[in-house]
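Single-structure report; data block below.
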Amino acid sequence: MPEAHGSALALGLDLGTSAVKAALVDAAGRVIATASAPFRTFADEPGAAEQDPADWLAAVGAACRALDPGAARDWRAQVRAVGLAGQLPTLVCGSADRPLARAITWKDARADAWATAAISATERRSLYERTGMPIDGRYLGPMYRHHVAAKAQPVEWILSAKDYLCFALTGVRVTDPSTAAGYAAFDLGRGAFAVDLCERWQLPPTTLPEVRESRAVAGGLSTAGAALLGLPPGVPVTVGAADSVAGAYAMTGLRAGTVSLAMGSSTIVLDAVPEYRLDRAARYLLTPHVASGWFGREMDLLATGTGYAWLSGLLGWRAGELERAAAQSAVGAAGLSFAPYLAGGEQGALWNPSLTGTIAGLRLVHTPADLARAFLEGVCFEIGRCIDVLAETSPAREIVVAGHLAGHRESLQMLADILARPVRPSRLESAAAVGAALLAHGGEPAPVTGATGEAVVPGHDAAAYAALYRRYLERHPA
């Protein structure tokens, strides 16, 4: 408890895809308490996925009120800094101190068709070489061009979700390199927004935030920000980072050869490399990591968590029952193959907005347990496809996984067998929020104490899964 060791605390806030997560972390890397609070996503038309920034702020307040460090009732008096992480790319347009409309999230598919038609293969490659991003309709620039540019709106500023939270807490409009990369106008080599890229998306450069390093202080809590968090005004708020790199930092640190899997609504596959390394086929995005000179090679599977929730609901299962049911089915799910492209398109190593989920081999003999196992196997196969890409140019010796799979030994064994690599479960419940808190401590904070459990190594099913994996890739080629 904080009272026992007298350590200053940092409050980490992660504005995720479906909830705000909060974490209290001390300077020794110990997680003192975590909490979360959900918010709504609006889908008023096909492909839409919008959120109300007011709901974000309400969830921030609720998550902070839910933090319970036990006997340390005065934890607010011990908070010395606030760190931020958040979903991206998510577009917030505003004027003065208010958003003009709901935020358009990265899950919104309405600009996909326009972007596919408007961005040629040649331009897409050129954009990748400059931004590190395989630009499509889910980046802020194309979102703005498609949804906002032609409207007569007095847009004074454009921010991503985490940057808006920083603005709401401090009154300062600022971003970090990892979040700026999601704007589709950030020149990765120069480390700055590029005027010509802004022009490509009709983004007025004056509307974009200043870029600072993740550990830099954005500003002190304003009166309104302090009231929202229940902290004194003036507590420093650091700029923070994208949820992907913040979470990976908490799970694995900056360590080459280790891949983090953060399994939430989507699954983020990310490693760290100490050099600027693009992929010849633009299969991963290259994002600035939390420290200068380090980069994250990232692939995102869009619907692993939401697909898990959908299938569980369809079968009437509570949380955790899907894994338990899958364990009752044999390797290969009695011939079922499930391609988990359930969000309308996929990213990962494929980057194809036209992909849809498919179930192959379905017969009357199949059971719900077979369907559950086929889904989990499909998710693991897609993770394997991503890791194979990373391993082409850099070792992927160990995998650290956070999320629903981490709590189920049978599912971890399945993943280790399919990946043919050791898999270590992360004990962090809110990895990105913990990463944000670590960054807020400044300097080089200690790794999170006890963050991972015992590694699960490939077992006797690995050989069978090697054959099934090859068959899966043949059925669903890149």
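Along the charge dipole of the chain, pointing to its positive end and built from +1/-1 on Cβ of Lys, Arg, Asp and Glu, which listed residue (351, 62, 379) has its Cα farthest out?
So the residue we want is 379.
At a threshold of 8 angstrom on Cα-Cα distance, excluding pairs fewer than six apart, so keeping six or more, what relative contact order does the range 239-341 reach in percent?
21 percent
Could the peptides 213-222, 228-237 be put in order, highest first, of the mean number of other beta-carbon atoms found within 10 Å of their residues?
213-222, 228-237
Starting with the highest mean, order 48-61, 455-468 by the number of other Cβ atoms within 10 Å, averaged over the residues of each peptide.
My ranking of the peptides, most packed first, is 48-61, 455-468.
Excluding residue 342 itself, calculate the net charge of residues whose Cβ lies under 13 Å from the Cβ of residue 342, where each Lys or Arg counts +1 and each Asp or Glu counts -1.
-1
What nm value, rounded to one decimal, do you get for the distance between residue 151 and residue 65 when each label is placed 7 Å out toward the C-beta?
Placing both labels 7 Å along Cα→Cβ, they lie 3.1 nm apart.
Restricting to the chain, what percent of DSSP beta bridges are antiparallel, rounded to 5?
The antiparallel fraction comes to roughly 70 percent.
Residue separation times 0.36 nm, minus the C-alpha to C-alpha distance between residue 97 and residue 8: what's the value?
28.9 nm
Which of rounded, prolate, oblate describes the range 113-194, given a ≥ b ≥ c as roots of the alpha-carbon gyration tensor eigenvalues and a/c under 1.5 marking rounded, otherwise prolate only if a/b is larger than b/c?
Since a/c reaches 1.5 but b/c is at least a/b, the shape of the range 113-194 is classed as oblate.
222 nm [θ] for the chain, helices only, -39500 (n - 2.57) per DSSP H run of 4+, per residue, to 500?
-10000 deg cm²/dmol
What three numbers, in Å, describe the spread of the alpha carbons of the chain along their principal axes, ordered from the longest?
62, 58, 42
Report the charge-dipole magnitude of the range 360-463 in Debye, nearest 20, computed about the Cα centre from +1 at each Lys and Arg Cβ and -1 at each Asp and Glu Cβ.
With Lys and Arg at +1 and Asp and Glu at -1, about 100 debye.
Rounded, prolate or oblate: which fits the range 253-475, taking a ≥ b ≥ c as square roots of the Cα gyration tensor eigenvalues, rounded meaning a/c under 1.5, else prolate when a/b beats b/c?
Prolate shape, in that a/c is at least 1.5 and a/b is the bigger ratio.
Could you work out the percent of alpha carbon pairs in the range 401-446 separated by over 17 Å, rounded to a whole number?
Of all Cα-Cα distances in the range 401-446, 46 percent exceed 17 Å.
Can you list which of the trypsin sites (Lys or Arg not before Pro) found in the range 19-52 are DSSP loop residues with at most 16 other C-beta atoms within 10 Å?
Those satisfying the criteria are 40.
When the chain is fully extended, how far beyond the present Cα-Cα distance does residue 354 get from residue 397, taking 0.36 nm per residue of separation?
12.2 nm
Only the coordinates and a few stated rules stand behind these numbers; no lab work does. Quick caveat, the model's predicted, so the values are computed rather than measured. Note: ideal-geometry Cβ built from the backbone for every residue, glycine included; neighbour counts use all protein chains shown.
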